[in-house]
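Beneath this line is the structure, given in structure tokens, with notes to follow.
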Amino acid sequence: MQYTGRIPMKKTSAVFLGLILGLGTVLILAAQDQPLPEDPYKRGLVLLGEFKFQEAHDSFNQVLSQDRKHKDALYYRGKSLIGLNLLDEAQKDFNRIKKIDSESPLSYLGSAEVLIQKKELENAQAMLNQAKEYSSEHPEVFYLQGVIQGYQKNTEGAMSSFQKCIEIKPDHAYAHYQLGLAYYQMKRSDMTLTHFEKFLKLAPEAPEAPQVRNLLNFIRR
């Protein structure tokens, strides 16, 4: 969400930046000042939500040292590796999920995300189509679809996909972020405020947060 390959807002003219933010599904599970959970899986999710990729990776390693077939831990360790820009290593984790359960959407969602980062959009779409077969209502299906449509400059389609993602998962921070960008480009300050404020509430430590705050200050003047 925020790593190499992301296009900074100030340099883009595309509505959605073609931006792939790989932690879009991460839950912010604890308040910033609360102690981290002792359970390594829950701790990893919190660290991932705080964009502490290496620490999150290490926590998921702990889980996998006890259970090598923990599909969710493999998925989120892969997400951590994307955050560290270790795309090939991330792909290995997603491949491991497929070997454990060939019908798990997590494998295909993770692979689609890696391919989007590599700008291999046709292959990413193929992986996303596979994920849809096994979980057509997974919020990340719609989020990643919106990102691909954003790269393809399909503004209407991308906005529809991000909105559908939010309908399924109202606290999907980066779907709100992408919609905020779209409405900003459309000069819809009311909707820009709505989605950017929600984004900041859900992901206050995100790398994009300072730029979003600056934009909000500009809009409110």
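FYI, it's all coordinate maths here, none of it is from the lab. Values in this document were obtained by computation on a predicted structure and should not be read as measured data. FYI the Cβ positions are ideal-geometry reconstructions off the backbone, even for glycines, and counts take in every protein chain you see.
Brief remarks follow.
Listed here are the residues, each with its yes/no results for (1) buried (at least 20 other Cβ atoms within 10 Å of the Cβ); (2) over 30 Å from A182 (Cβ atoms).
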site	(1), (2)
K69	no, yes
A90	yes, no
I97	yes, yes
N123	no, no
E133	no, no
E137	no, no
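- The helices (runs of 4 or more DSSP H) located wholly in the stretch 121-197 that include 2 or more residues which are within 17 Å of G110 (Cα to Cα) and free of Cβ contacts under 8 Å to residues at least 24 places away in the same chain occupy 121-134.
- The residue of the stretch 180-202 that is surrounded by the fewest Cβ atoms within 10 Å (Cβ to Cβ), among those that are closer than 15 Å to F218 by Cβ and among the hydrophobic types (A, V, I, L, M, F, W, C), is L193.
- Positions within the stretch 207-221 being over 25 Å from N154 (Cβ atoms), part of a loop (DSSP other than H, G, I, E, B) and touching a residue at least 12 places away in the same chain (Cβ under 8 Å), in sequence order: P207
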